[in-house]
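One structure below.
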Amino acid sequence: MTIAGKSLEQWKGEHPLLDDILQLKEVYWRNPQKGKTTPTTDLSMADILDAEARMKRFAPYFHKVFPETNGIIESPISEISNMKAKLEEEEQIKIQGDLLLKRDDILPIAGSIKARGGIYEVIKHAEKLALGHAILTKDDDYSILADKKFTEFFSAFSISVGSTGNLGLSIGIMSAKLGFNVTVHMSSDAKQWKKDLLRKKGVQVVEHQADYGAAVEEGRKQCEKKLTCYFIDDENSKDLFLGYAVAALRLKKQFEERGIKVNAENPLHVYLPCGVGGGPGGIAFGLHQVFGEHVHCYFAEPTHSPSMLLGLMTGLHDQVSVQDFGIDNKTAADGLAVGRPSGFVGHVMQPMLEGVYTVTDERMKAMLKWIYETEAIKLEPSALAGMSGPQAVEGKSSRGTHLVWATGGSLVPDEVWGEE
């Protein structure tokens, strides 16, 4: 068996950590390229500010059709000192500094981190169509987009996406609300309750027996057959990426309100669950634009789906999958069940990501229980991947503020959550 022209033994010789990765052990990989290469993207702070301005234009619309948002799709920060004490006790570690949770599990509309990028790309597409057909100007009060005139207009267009679950929820809910015909291609990993909720919202759900990659490819193919169909590409979309990146501007403001400083004396350590890479990549990119060298970002992946880790470590990015190395890509963390990483995100992250660590399903499920018992917070398993960050990189990140980025959980039905 060869992988990109090399035998497995050759790869192991170059990367000894592969032995543990292939045995599905938890590992921490430090990124040797951090700070040594230049970013391979033309995206900048100006693009993030442009995305934020668009979100502000849509604020009156969000407020009208989703009153719970008050016009802004944002989540609070929670200090989780009880969970910190539990982690220190269970993991036999000492976490220097505060442990905070970024509550994207309760992000309005879609209840997960995907509400950021998914909703942003949908509204950008809607704005482009409406402006292009001269039925909207940027000076209008965007609440008019809820009028029948606009929902009928958007009903002539289609949106399609492939998803393991949460991205499909955000895009499906937002697209259907605007009036688009929307199809979500769901992989075999997607939870049934997510499919049921989408159908309830008027979304067409197409189920695939294969994994995430196959669902994306089929969604792309089906969309290409229709001129009026717009495909949202989780693997390569700059718009999704920028929608996520806006979070950094919001976080800076939240930190200022709390009196939290980010500097050389008090660095910020951020632990981000990673699937294909768009969500954590966009957020990490934004955080580096805002906080510069004082932020240290880590990606967290299941031991059964270490796609970004393998892509970065081998330098092959999206040219390699976990299956190429004999790993099954089966995990309870459905949003992270991705066999092949985004090449776009991998290249952007290479000079700025601190490292990647892996976590077992058993540890995620244990922490799912701990955070409910200590903080009364209900999360999805994938949202706990970040929680083992301080333990996984112990000794490599010490003083400062530790921020775990939650991904989803608030929309999970009680009976389903109890089974996790």
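Computed over the stretch 55-170, the range of Cα coordinates on each principal axis works out to 61, 30, 19 Å, biggest value leading. The peptide list 309-321, 81-93, put in order of mean Cβ contacts within 10 Å with the highest first, becomes 309-321, 81-93.
What does the convex hull of the Cα atoms of the chain come to per residue, in Å³, rounded to a whole number?
On the way: hull volume 58.0 nm³, N = 420.
Per-residue hull volume (Cα only) is 138 Å³.
Extension gain, residue 137-residue 258: 0.36 nm per intervening residue step, less the Cα-Cα distance, totals 39.8 nm. Distance between the 7 Å Cα→Cβ label points at residue 25 and residue 328: 2.0 nm. Working from the pairwise distances between different alpha carbons, so that the mean of 1/r is found and then inverted, what is the stretch 65-132's Kirkwood radius in Å? It is 14.6 Å. Scaled against 2.2 N^0.38 Å for its residue count N, the alpha carbon radius of gyration of the stretch 347-390 is 1.39. Applying 1/(1 + (r/R0)^6) with R0 = 22 Å to the Cβ-Cβ distance of residue 85 and residue 193 gives a FRET efficiency near 0.10. For residue 207 and residue 376, a Förster radius of 51 Å and the Cβ-Cβ distance give a FRET efficiency of 0.90, rounded to the nearest 0.05.
Placing a label point 7 Å from the Cα of residue 50 along the Cα-to-Cβ direction, the residues of the stretch 283-321 whose backbone N falls under 17 Å of that point are 286.
Would you list 201, 149 from fewest to most Cβ contacts within 10 Å? Mind showing how you got there, number by number?
On the way: 201 15, 149 10.
With the fewest neighbours first, 201, 149 line up as 149, 201.
Counting every pair of alpha carbons in the stretch 211-262, the share spaced more than 16 Å apart comes to 60 percent. Take the Cα radius of gyration of the stretch 1-86 and divide it by 2.2 N^0.38 Å, N being the number of residues; the result is 1.91.
Considering every alpha-carbon pair of the stretch 256-304, the percent of pairs per 5 Å bin, from zero through the bin containing the longest distance, is 5, 21, 25, 22, 15, 8, 4, 1. Taken over the stretch 77-140, lysine pairs spaced eight or more positions apart, or on distinct chains, with alpha carbons under 27 Å apart number 13.
Let me have the relative contact order for the chain, percent, based on Cα pairs under 8 Å that are six or more residues apart.
On the way: 864 pairs, mean separation 91.9, N = 420.
Value for the chain: 22 percent.
Grouping the Cα pair distances of the stretch 268-352 into 5 Å bins from zero gives a pair-distance distribution of 3, 17, 27, 24, 16, 9, 3, 1 percent in increasing distance order. The relative contact order of the stretch 118-189 comes to 33 percent, based on Cα pairs under 8 Å that sit 6 or more residues apart. For the stretch 196-311, the orientation-averaged shadow of the C-alpha convex hull comes to 10.3 nm² (one quarter of the hull surface).
Cα-based radius of gyration for the stretch 285-402, normalised by 2.2 N^0.38 Å, reads 1.10.
How big is the stretch 151-234 by the Kirkwood estimate over distinct Cα pairs, in Å?
Working: mean 1/r = 0.0816 Å⁻¹.
Every distinct Cα pair counted, the radius reaches 12.3 Å.
Each Cα pair under 8 Å and six or more residues apart adds its separation to the average, and for the stretch 1-135 the resulting relative contact order is 15 percent.
Of the listed peptides 232-241, 164-173, 384-393, what is their order by residue-averaged count of other C-beta atoms within 10 Å, with the highest listed first?
Details: 232-241: 23.8, 164-173: 28.7, 384-393: 26.5.
Taking the mean over residues of other Cβ atoms within 10 Å, the ranking is 164-173, 384-393, 232-241.
Note on the stretch 111-188: Rg/Rh from C-alpha atoms, Kirkwood Rh, equals 1.00.
Every number here is computed from the coordinates shown, using simple stated rules; none is lab data. Note that the structure is a prediction, hence the values are computed from the model and not measured. Note that each Cβ is placed from the backbone with ideal geometry, even for glycine, and that neighbours are counted across all protein chains shown.
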